[in-house]
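Read the structure below first, then the notes.
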Amino acid sequence: MMVPVSYVFLIRGEGGELGKIPTSGVVEGYVVSVKGNDRKKLLYSPATFNRAEDVAARIMEFANMYRKAEERISQLQLLREAEKDYALFYEEAGD
């Protein structure tokens with residue numbers, strides 16, 4: 001069973017013009033998972049940037065970390081399901 005997951009990015013600008021992409025600041029990210037009444041929030045270390053061009057790079061960096069973590073979680077869940085199916089097969093076969 002897949003757990004609903006939400007990704008959050010917070011870009012806190014510390015320099016630049018109001019209404020434009022900040023020229024410096026911090027990108028923070030976290031992931032929230034909800035399974036029934038169980039809710040978890042995983043925080044990632046903030047990353048600083050000193051140029052407006054770095055904002056997109058930082059977001060992609062966080063997005064790639066999340067994607068890799070999500071892939072790993074999915075792989076582990078599939079392995080657990082396969083182990084259960086494997087055990088059930090041998091239990092039914094009487095071995």
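What the table below lists for this structure:
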item	result
Every pair of residues 6+ apart whose Cβ atoms lie under 9 Å, when the first sits in region 38-54 and is free of Cβ contacts under 8 Å to residues at least 24 places away in the same chain while the second is open to solvent by 100 Å² or more (accessible area, probe 1.4 Å) and in a strand (DSSP E or B)	46/12
Counted residues, region 60-90 - those being of a type in the set (Lys, Arg) and under 30 Å from residue 46 (Cβ atoms)	3
Residue list for region 1-28, filter: farther than 17 Å from residue 64 by Cα and either surrounded by fewer than 13 Cβ atoms within 10 Å (Cβ to Cβ) or among the acidic types (Asp, Glu) (or both)	1, 2, 3, 4, 12, 14, 15, 17, 18, 19, 20
Unmet criterion (only one of (1) at pLDDT below 80; (2) of a type outside the set (Val, Ile, Thr); (3) in a loop (DSSP other than H, G, I, E, B)) for residue 7	(3)
Residues of region 21-56 satisfying the condition of being outside any strand (DSSP E or B) and not hydroxyl-bearing (Ser, Thr, Tyr)	21, 22, 36, 37, 50, 51, 52, 53, 54, 55, 56
Residue tally, condition within 21 Å of residue 9 (Cα to Cα) and either open to solvent by less than 50 Å² (accessible area, probe 1.4 Å) or out of contact with any strand residue (DSSP E or B) (no Cβ under 8 Å at 6 or more places or on another chain) (or both), over region 29-58	13
For residue 90: the one exception among (1) modelled with pLDDT of 80 or more; (2) in a helix (DSSP H, G or I); (3) over 20 Å from residue 5 (Cβ atoms)	(1)
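The values are calculated or read from the model by the stated rules, or taken from the named source; none is laboratory data. Just so it is clear, the structure is predicted and the values come from calculations on it, not from any experiment. Please note: Cβ atoms are built from the backbone with ideal geometry, for glycine as well, and neighbour counts cover all protein chains shown. SASA here: full protein model, heavy atoms, side chains in, ligands and nucleic acids out. Shrake-Rupley method; radii C 1.70, N 1.55, O 1.52, S 1.80 Å.
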